[in-house]
Amino acid sequence: MRGMKRNNIELCRALRGNQTDAEKKLWSVLRNRQLANVKFRRQFSIGRYILDFYAPEYKLGIEADGGQHYEEAGIYHDNLREEELSKLGVKMLRFDNLDILNNIEGVHEVIRKTIEEKRCNSPHLNPLPTGERISD
């Protein structure tokens, strides 16, 4: 993201101060590198979009979705957003607010597995090629 001008900084700050219960719960397991030692940011602006959570190292965005995301207009806008972010190399994970509130362990596991897959599929994120070991 270096060199890319970030938009909506003030709006991002305001959103961080007004998180939903689901966002607060998800942030409680993402903050301070608690999940797989990955740095996440909350309410992070990329282009014209603000992602609920974002791991820059992995270009991984995470959204906590309320009911409006399951209505026709919400689905349309989410698909358009994901398509545009995908062109920037950002992979999005979406979780229903109820899943976050009632099954944070399952949500945590999906995020952890996605990070593991990205580590295995990106040579620059994995310091040693698969199968090689450091000799004593």
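So which residues in region 51-78 are modelled with pLDDT of 90 or more and not charged (D, E, K, R)? If the condition is that a residue be modelled with pLDDT of 90 or more and not charged (D, E, K, R), then 51, 53, 54, 55, 56, 58, 60, 61, 62, 64 are the ones that fit. Within region 80-107, residues that are farther than 27 Å from residue 122 by Cβ reach partners that are in a loop (DSSP other than H, G, I, E, B) and not hydroxyl-bearing (Ser, Thr, Tyr) with beta carbons closer than 7 Å, at six or more positions or on different chains, in the pairs 97/66. Within region 24-43, being of a type in the set (Lys, Arg) and either within 15 Å of residue 59 (Cα to Cα) or part of a loop (DSSP other than H, G, I, E, B) (or both) holds for 39, 41, 42.
Condition test on residue 81, is it modelled with pLDDT of 95 or more and surrounded by 12 or more Cβ atoms within 10 Å (Cβ to Cβ)? In short, no. Residue 120 passes every criterion in (1) surrounded by fewer than 16 Cβ atoms within 10 Å (Cβ to Cβ); (2) closer than 17 Å to residue 35 by Cα; (3) modelled with pLDDT under 95; (4) touching a helix residue (DSSP H, G or I) at 6+ places or on another chain (Cβ under 8 Å) apart from (4). Number of residues in region 16-44 that are over 15 Å from residue 93 (Cβ atoms) and crowded, with 20+ Cβ neighbours inside 10 Å equals 1. Restricted to strands (runs of 3 or more DSSP E) entirely inside region 49-116, those with at least 2 residues that are within 11 Å of the chain's Cα centre (by Cα) and closer than 11 Å to residue 26 by Cα are 49-55, 60-65.
The values are calculated or read from the model by the stated rules, or taken from the named source; none is laboratory data. If you're wondering where the values come from, they're calculated on a predicted model, not measured in any experiment. Positions of Cβ are generated from backbone atoms using ideal geometry, with glycine treated the same way; all protein chains shown enter the neighbour counts.
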